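What follows is a set of notes on a single structure, which appears directly below.
FYI, it's all coordinate maths here, none of it is from the lab. Being a predicted model, the structure only gives us computed values, none of them experimental. Glycine also receives a Cβ, built like all others from the backbone with ideal geometry; neighbour counts cover every protein chain displayed.
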Amino acid sequence: MSEISFRLALPEDLDDICALEEICFPEEPWSMQMFREELQNDMALFVVAEEQGADESGEHCAEKDRIVGYIVAWVIAPVESQVGSIAVLPEYRRHGLGRQLMEILLAACRETGTPDTFLEVRVSNEPAIALYKSLGFENDGIRKRYYQDGEDAYTMARRGAAAEKESADGAAYAENESDSAPAPEETK
Ligand SMILES: CC(C)(COP(=O)(O)OP(=O)(O)OC[C@H]1O[C@@H](n2cnc3c(N)ncnc32)[C@H](O)[C@@H]1OP(=O)(O)O)[C@@H](O)C(=O)NCCC(=O)NCCS
């Protein structure tokens, strides 16, 4: 894996993000329009993980840069935040990118004094549940038949200072940008 950087999503990223979305959520992908709306949403934190492309000599070649992950979240400061969606391409998983994307959100929450973060996750999604628990999220309930295919969702919550303590063991907090955002119509 080449160097990965994190930055705010841009309109020109949308084709790559939608391709990634089809791979990561084949059963219920967000549409191009949904992502486009998040780019324009003042409350949305929409960040991509981008692998730096290189030419034959190993020099950075921007044309070969590749979006390999993203997060969309809404930070309704200073009340709460909600994860809308997060994904990493299969061949880039288990390298800490999902954790770093989540840490960017949590850093934005700290900066804005937003104590609580919520999300929904398929009850079968063990990798994502393990990621969230490692960051201090706890099960907070169940939403029956939340997904279009009838699967239930766990709601998970990471509340205030207690969670800060649990995940204070040092994953890199990518510096960031938070301004953030409105309530999700639909979350994963
Ligand atoms: C969930 C997802 C974003 C995780 O991304 P990732 O980059 O692989 O996650 P990380 O490498 O940062 O993992 C961080 C921690 O999460 C846990 N974790 C991640 N994947 C795991 C797996 N397959 N099995 C068990 N634990 C896992 C581990 O605790 C891991 O830490 P470790 O590698 O030091 O053991 C990725 O699996 C994904 O894109 N899945 C498909 C889309 C999706 O389900 N999104 C979530 C919707 S709610």
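Scan the chain and hand back the longest stretch that contains none of the GluC sites (Glu not before Pro) lying in DSSP loops with at most 11 other Cβ atoms within 10 Å.
Between the exposed loop sites, the longest stretch runs 60-174.
Using R₀ = 30 Å, calculate the FRET efficiency as 1/(1 + (r/R₀)^6) where r is the Cβ-Cβ separation of Asp149 and Arg66; round to 0.05.
Result of the calculation: an efficiency of 0.50.
Most exposed first by the Cβ proxy, i.e. fewest other Cβ within 10 Å, how do Leu39, Leu105, Leu97, Leu135 rank?
Going from least to most buried by this count: Leu39, Leu135, Leu97, Leu105.
Can you give the translational diffusion coefficient of the chain in µm²/s, computed by Stokes-Einstein from the Kirkwood radius over Cα pairs at 37 °C and 0.692 mPa s?
Calculated translational D: 195 µm²/s.
What number of lysine-lysine pairs in the chain show an alpha-carbon separation below 24 angstrom, given a sequence spacing of 8 or more or placement on distinct chains?
Here the count comes out as 4.
Distances longer than 18 Å among the Cα atoms of region 1-46: what percent of all pairs is that? Let's see the in-between values first.
Details: 356 of 1035 pairs.
The calculated P(r) of region 1-46 puts 34 percent of pairs beyond 18 Å.
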